[in-house]
Amino acid sequence: MKKSIIALSFAAAAFALPAAAQDTAVTIGYSGWTGFAPLTLAKEAGIFKKNGLDVTLKKVPQASRHLAIQSGDLQCAATTVETWVVWNANGVPTKQIFQLDKSYGADGMVVRSNINAIKDLKGKTVAASAPGTAPYFTLAWFLKKNGLSVKDVTIVNMEPGPAAQAFIAGQNDAAMTYEPYLSSVRNAPQSGKIIATTLDYPMIMDTFGCTPKFLADNPKAAKALADSYFEALEMINKDQAKSYEIMGADVKQTGEQFGNSAKFLRWQDRAANKKFFEGEFEKFSNEAADLLLEIGIIKQKPDIKSLADTRFIQ
């Protein structure tokens, strides 16, 4: 009898193995930006796994995320809309498949208390990530809207977290950062002030995309990635406290602290996605590409319409 039970156990295990092997492996590059946090929730709450995905989330600086895609270390990534323009223009083919979030004050510029307008930054030092990143592009956008260019300031390349920390410590005249790091400056008014955010200049929106090869080889997995994201948003709506706790832990925040950061952005559900890709996506991408050409980040404008594949949000 015991042998029969053992035999049955081995048989059951043998049948279980192929099911586990069917989970599609995908490595996603992202950062600690609050807008990407539902990806962490989908991972930690088992949503990806439930939908047949074996997801690895890897924090990779935005400045080198495209290199990780190009090398094959990443199949998919989360980043800003204009960054996909840069990557494709510079020979890293990728397609956006769903929108993650829109910034409503979560990205901003902090300045010393004696600086009263963005135009006063001429000749000043600004900390911002490297060219080709969202903070650098945000700086260029803010400056252009105020009659300046990146040539009018001295840029010190620092990632958003270190940029905020250095600013609080008294370094640089200004800095470009985003949540949750922007709130560290909100909480240290003695160091300076927030002079402008995406409430003043609504131009930061994030999308999720993958390589054309991954999408061609794994269309069901791509659909599962989109569905998992939308399920994570549903979980946030149903159990906000638990969701905030899980997402906050990834960036060493309490659930309450995470919630305070999340106030400054809007995650985009399936309905919002459909609306975005019907018009705003192309309009913004074209304007962004023109600015990227102007500041020398790209040498030629890619085919904007080819940068998205909206099959997976239906």
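Here are the numbers for this structure:
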quantity: 37 °C / 0.692 mPa s Stokes-Einstein diffusion coefficient of the range 107-197, Kirkwood radius on C-alpha pairs, µm²/s; calculated: 265
quantity: Ser183, Ser243 arranged by Cβ crowding within 10 Å, fewest neighbours leading; calculated: Ser183, Ser243
quantity: Computed over the range 107-197: relative contact order in percent, which uses C-alpha pairs under 8 Å that are six or more apart; calculated: 45
quantity: Value in Å of the Kirkwood radius, where the chain supplies the Cα pairs that are averaged; calculated: 20.5
quantity: Residue among Gln99, Gln268, Gln70 with the largest mean-square fluctuation in a Gaussian network model of the chain, springs linking Cα atoms under 10 Å; calculated: Gln70
quantity: Viscosity 0.890 mPa s, 25 °C: Kirkwood-radius Stokes-Einstein D of the range 181-314 over Cα pairs, µm²/s; calculated: 138
quantity: Bridge type composition, the range 107-197 - antiparallel percent by DSSP, nearest 5; calculated: 60
quantity: Rg/Rh (Cα only; Kirkwood hydrodynamic radius) as it applies to the range 16-122; calculated: 1.10
quantity: Residues Thr138, Thr310 arranged by fewest to most Cβ contacts within 10 Å; calculated: Thr310, Thr138
quantity: Beta bridges per DSSP with both ends in the chain, % antiparallel, nearest 5; calculated: 60
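Laboratory data are not the source of any read-out in this text; all were calculated from the coordinates shown. Note that the coordinates shown come from a computational prediction; the quantities given were computed from them, not determined experimentally. Positions of Cβ are generated from backbone atoms using ideal geometry, with glycine treated the same way; all protein chains shown enter the neighbour counts.
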